[in-house]
Each structure stands twice: as structure tokens, then as C-alpha cells.
Amino acid sequence: MNNLVLVATVCGLLQFLSFSEFGYTFSEKITSAVVIGTIVGLMMGDPKTGLLIGAQIELLYIGMIYPGGIVPADGGLAAVVAIPIAIKTGLDPKAAVSLGIPFGIIGGLLYELKKTINIFGLHKLEDMINKSGDPKTIRKYQDVFPVLVAFLLSFPLVFLSVYFGPSVVGAIISDIPQWIMHGMEVAGGILPALGFAIAVSVIMKRKYMPLFFAGFFLVEYFKITPMGASIFGACIAVYLFMNNKSSKKGKKEEQTN
Amino acid sequence: MENTETKLTKKDLRKTFFRYYTFCELGSNYERMQAVPFAASISYCLEKLYKTKKDRLDAMHRQLQFFNTEGTFGSMIMGATVSMEEQKANGMPIPSETITGLKTGLMGPVAGIGDTLIWGTFKTIIGSLAVTLALQGNYLSSLIEMLFPIVTYVIAYNLFFSGYNLGTKSIKDIMKGGLLNQLIDASSAMGLFMMGALSSSYVTFKLITKIKMPHSDPIVLQKVLDDIVPGLLPLLTIFAIYFYLKKKQNYIAVVLAVLVLSLIGAYFGIL
């Protein structure tokens, strides 16, 4: 009982850190499902299960990147809510993934809400600096208003979901029709496609598109692990890097001759 | 003659960088994106450089203009902007528009570099290594995840100081220069290769429906598809989403569509 209060508080605080984007790249990883799975698992006395559930959830959001600061779906919120509930209720990792999906969507919407509310803060800030004329005002504003917005949009939701979630989920899980559970699992399998589609559109270099298909079918036909694929990928990158260099040098030498 | 030059100390620069990288999205909003975090970070410098209320107000409003980029490589812009403000405060005739122009001119290309190198390639590779280990029950996976913030912090710190020391002209030279382009080119290639490999590993989309035949075994649709091209459905899905996003950047719509289609497919026993 008390332990659940602690877990809910820690999860709420971690989501708050992540949602306020503390430490920029750090905020991305502090609520990554693998890390949350380990932390929450340790607190609840079952790190092994936590880690496995975390890994399943992270699969969904692995390619997800945020071009222009847009958050399509928040894998952090999904992890922070679904992992403790799944450990507490003994939910199957696949079902935990399904449980996380709606929270991932809500998380994406919360980022939009946050950036909309902060518009009002910006105008308030401009009035404030016109009055004070002191650059410190901007820092004082930043330390209060956006922090408060981030806190209110993250901590209460996570705390309540983690605290009351297990009993709610435990009660309704048996009533949920099989096809809904299965449908969420199917969605969990397809959803990574969104992350990869975004990543491809950001990286997009038309001349290297064949490499995308090479990577895809290398795994389809030969079942190489991601670790193995990254070795091949690194070889290609190094080859291109060195080759570009020498071809440029070659051109220069030709010009001087 | 009295020496009135105000120089920024290493401590001012460190404070600026630290606030920038720690809070570079804190207070960002849909009207001017990262303007607030940018202005809050550079405020340490403005406070020291400008003494009169008018100068300070001008500088603050200038730094509160629209700004949006990728944070790690954006540190370079922060460094260069600090150095321009320092020169301006010490009497160089730099108009406000030049500083704003530098920021807005660089933010697009810099975001392109950062999103490709840091997020598209580095983050995804780190994540997939961590997940691979985690699926085997290995706790080192969390440490691997933490390589992402640690390495990017070191990169950002160095880019901030090279932005400050090299000044704006050199940044443009670096951006146009061969080495960085080669690096981007090579890592785009690796990135796309990895995206292909990872989407094959991690996107699962299979039909489970069977067509009953009166006089022979039922036809398993997925097997028919696999015989033509394995992984056809995941591949088609990725490119369907890709082309949709090119037209309309409505991500939530994609997530919801995937969810609804999966539920429908599950209800009718197709997926």
C-alpha cells in the first residue's frame, strides 16, 4: 500500500522531469521504457519483469523522433503508467503494451496543450520585462510559470493513474473483450511504423533510399539482430565517409595539375 | 582613455550554456517556440553587457524573437549569438537585424543536421541496442540508454564554445565545408540503412485470416504474401504513413488511425 504511494510519486516526478524536457536529451532517456522498467521493477521487487515489460514498450517508440518539437506520441507517459500497473496486477507484457498505447496518445496531446498554455505566459513575460527592464526577469519567469504548467500537466495524472490504476485495471481487465486486447496488441505491432516513417522523412536522402531497402530485406531474409545490422551500417558509413574525402582530394589534385 | 570594454568571463559562458542545455525547451510555446529558453539563457550575458534600461530592453526583445532548432547543434548558434552580443555591447556597429538574421538563418539548417545525426541516427541506434539487451534481461541496457544524454552533452558543450570562439563567419564556413557535409552524408546513409533494418525487426503486421476452400486446405493469406515479398505489409504501412505525413503533419491522426484499424481488424479476425 505505502509502497504504491512511493512508486506513484517517483513515477510522477520522473514524468514531470521528462515532460518539462529537463536536460534536453536526458529527458528523453529518463522515462525511456527500459530505464523506467528497471527503476520501477527494483522498487516493486521484480526488476526482471520490469525490464522485460519496459523492453516491449520501448519497441513501440524506438524510431520516434520529434521534428520541430512535435511529439507524435509520448512513450515516456506510456511507460511510466503501464509498467507499475502491469507489475502490480501481474499483467502479461503484451497486455502492458496495449495499456500504454492510449497513454502515449494522451501524452502527445499534453505536449500540445503545454505549448499552447505557454503562449499566455510569453505575453505576461513581455509585460514583466517592459516594467522591470532586467534580464533576470526572464530567468525568474522561466523558473516558475513553465515549470508549474509542466508539473500540473504531468504529476497529478501519473500519480493518480499509478495509484488507482491497479485496482481499476484489475477489476475491468477480465471484462474487456478478447478482441479489444488483441486489437491493441496489433496496434502495438504496427505503431513503430510511425516512428520509422518520421525518422526516414527527417533523414531523407533520395540517393541512399536503396540502403533502407537493403537494411529491411537483409533482416527479413537473414534475420540479423539490430546489433549486427548496426555493424553493417557503420561499415557503409565509414566507407562513404572515406570515399567522399578521397574523391574530393582527387578533384583538387586534378585542378592543381 | 578609460577602458570601458566589458568582457564575458568563462563563468558567464558556462552558466549560459548550462541553462541553455538543461532547459532548452522549458517555456517553449507555439507562438515563438524556443524563444523563452533562449532568452533566459543569454540573459546572464545581457545583464553583464548592457547597463542602460533601453539597451537591456532592446536586447531582451531581440532575443525573444521566434527561434526553433535542435538543441544539441543549436548550442553552436547560442555560442555565436553570445559572441555577437558581446561585440555589439563593446561598440561594434552590429544592427539588431543582423543578430536576429543570424539566428533565424542558421536555425533551419542546424535543426536539419541535429535531427539527422542526434535524433534520427544516434538516438535510434542507442535505443535499439538497449532494447536488444533488455529483451535478453540484461541490466546494462539502462546504462547504454544513458550514453545518449552523456555523449550529446559533451558534443553540445564543445559546439557552444566553438560557436563562441569561431564567430558567425566560421560557422557558415563549417556548415558549407566538406567535413561536416561528409559526416552528415555518411550518417544519413547509415541512418537509412538502420531504419530499414529496425523497421523489419520491430514492425509487426500480419494477417491471420484464412480463406476456406471446399476441397483442399484453407489458403493462409499471410503465407501467400510472404511468398511474394516478405515484410510487404510493414513496408507498405511505413510508406503510406510517410506519404501522408508529407502532405499533412497530423501525427495524432496516424496514431488513432492505426489504433482504430487494428481494433476493426481484430474484431473481424483479419489481423
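The values are calculated or read from the model by the stated rules, or taken from the named source; none is laboratory data. These numbers come from a predicted model, not from an experiment. Backbone-built Cβ (ideal geometry, glycine too); neighbour counts: all protein chains shown. When the accessible area is computed, the model is the full protein with side chains, heavy atoms only, and any ligands, DNA or RNA have been set aside. Shrake-Rupley method; radii C 1.70, N 1.55, O 1.52, S 1.80 Å.
Could you rank A:ILE106, B:ILE42, A:ILE224 by how accessible they are, 1.4 Å probe, largest area first?
Values: A:ILE106 70, B:ILE42 0, A:ILE224 40 Å².
Heavy-atom accessible area, descending, gives A:ILE106, A:ILE224, B:ILE42.
For B:LYS15, give me every one of the aspartates and glutamates with a C-alpha distance below 19 angstrom, ignoring sequence neighbours fewer than eight places off in its own chain.
A:GLU21, A:ASP134, A:ASP143, B:GLU25, B:GLU47, B:GLU85, B:GLU86
If I model a spin label as a point 7 Å beyond the Cα along the Cα-Cβ vector, how far apart are those points for A:THR116 and B:VAL151 in nm?
About 3.8 nm, to one decimal.
At a Förster radius of 60 Å, what calculated FRET efficiency corresponds to the Cβ-Cβ distance of A:TRP179 and A:CYS235, to the nearest 0.05?
Working: r = 45 Å, r/R0 = 0.75.
After rounding to 0.05, the efficiency reads 0.85.
Across segment B:240-255, in residue order, what do the Karplus-derived ³J(HN,Hα) couplings come to in whole Hz, using 6.51 cos²θ - 1.76 cosθ + 1.60 with θ = phi - 60° and x for Gly and Pro?
4, 5, 4, 6, 5, 5, 5, 7, 9, 8, 9, 5, 4, 4, 5, 4
When you look at the Cβ of every residue in B:64-73, what mean number of other chain Cβ atoms sits within 10 Å? Present the calculation step by step, with values, prior to reporting the outcome.
On the way: counts 5, 0, 0, 0, 2, 2, 6, 5, 2, 0.
Other-chain Cβ atoms within 10 Å of each residue's Cβ, averaged: 2.
Using the beta-carbon distance between A:VAL144 and B:ASN158 and R0 = 45 Å, what value does 1/(1 + (r/R0)^6) give for FRET efficiency, to the nearest 0.05?
Values: r = 31 Å, r/R0 = 0.70.
Step by step, r from the Cβ atoms, then E = 0.90.
In debye to the nearest 20, how big a dipole does the protein assembly as shown give about its Cα centre with +1 on each Lys and Arg Cβ and -1 on each Asp and Glu Cβ? Could the numbers behind the result be given before it?
Values: 46 positive and 35 negative charges, 218 e Å.
Around 1040 debye, computed over the protein assembly as shown.
Tell me, in nm to one decimal, what length is gained between B:ARG14 and B:ASN90 on full extension, where the rule is 0.36 nm per residue of separation less the Cα-Cα distance? Display every interim value, and only then the final one.
Numbers: separation 76, 0.36 × 76 = 27.36 nm, distance 2.05 nm.
Full-extension gain reported as 25.3 nm.
Over all residues in A:140-150, what is the mean tally of Cβ atoms on other chains that come within 10 Å of each residue's Cβ?
Working: counts 2, 4, 10, 5, 1, 3, 9, 3, 0, 3, 3.
That works out to 4 on average.
May I ask for the distance between the Cα centers of segment B:197-262 and segment B:95-128, given as a whole number of Å?
33 Å
Can you send over the solvent-accessible area of A:CYS235, 1.4 Å probe, protein chains only, in Å² to the nearest 10?
Using a 1.4 Å probe on the heavy atoms, I get roughly 80 Å².
In Å², and per residue, what accessible area does the protein assembly as shown have when probed at 1.4 Å with the other protein chains present?
Details: 22760 Å² over 528 residues.
Accessible surface, normalised per residue, equals 43 Å².
For A:PHE151 paired with A:LYS207, estimate the spin-label separation in nm (one decimal), with each label point 7 Å from Cα along the Cα-to-Cβ line.
For A:PHE151 paired with A:LYS207, the spin-label model returns 5.3 nm.
Suppose accessible area is computed on protein heavy atoms with a 1.4 Å probe; arrange B:THR6, B:THR52, B:THR69 from highest to lowest. Working shown, then result.
Working: B:THR6 35, B:THR52 75, B:THR69 15 Å².
Of B:THR6, B:THR52, B:THR69, the descending order of accessible area is B:THR52, B:THR6, B:THR69.
For an R0 of 41 angstrom, estimate the FRET efficiency from the Cβ-Cβ distance between B:ASP173 and B:LEU225 and round to the nearest 0.05.
Details: r = 52 Å, r/R0 = 1.26.
E between B:ASP173 and B:LEU225, to the nearest 0.05, is 0.20.
Compare B:LEU235, B:LEU261, B:LEU117 in a GNM of chain B, Cα atoms joined below 10 Å, and give the one with the largest fluctuation.
Of the options given, B:LEU261 has the highest mean-square fluctuation.
Please list B:LEU8, B:LEU140 in order of solvent-accessible area, largest first, computed with a 1.4 Å probe with all protein chains present.
Working: B:LEU8 20, B:LEU140 95 Å².
Of B:LEU8, B:LEU140, the descending order of accessible area is B:LEU140, B:LEU8.
Provide the solvent-accessible area of A:ASP74, counting protein heavy atoms only and rolling a 1.4 Å probe, rounded to the nearest 10 Å².
For A:ASP74, solvent-accessible area is about 10 Å².
Nearest 100 Å² is fine: how much accessible area is buried between B and A, summed over both sides, with a 1.4 Å probe? Show your work: numbers first, answer last.
On the way: alone 17110 and 16020 Å², together 22760 Å².
Rounded to the nearest hundred, the buried surface is 10400 Å².
If you keep only loop residues by DSSP, which trypsin sites (Lys or Arg not before Pro) in segment B:227-260 have at most 12 other Cβ atoms within 10 Å of their Cβ?
Working: sites: B:LYS246, B:LYS247, B:LYS248; in loops: B:LYS248.
Sites meeting the loop and neighbour criteria: B:LYS248.
Using the Karplus curve 6.51 cos²θ - 1.76 cosθ + 1.60 with θ = phi - 60°, what ³J(HN,Hα) values do you get for each residue of segment B:118-125, in whole Hz, with x for Gly and Pro?
With coefficients 6.51, -1.76 and 1.60, one gets 6, 8, x, 9, 5, 4, 5, 5 Hz.
Among A:LEU148, A:LEU14, B:ILE211, which residue has its Cα furthest toward the positive end of the charge dipole of the protein assembly as shown, with +1 on Lys/Arg Cβ and -1 on Asp/Glu Cβ?
Farthest along the dipole direction, towards plus: A:LEU148.
Suppose every Lys and Arg Cβ carries +1 and every Asp and Glu Cβ carries -1, with no other charges. What dipole size does chain A come out with about its Cα centre, to the nearest 20 debye? Intermediate results must be reported in sequence, preceding the final value.
On the way: 20 positive and 16 negative charges, 206 e Å.
For chain A, the charge dipole is close to 980 debye.
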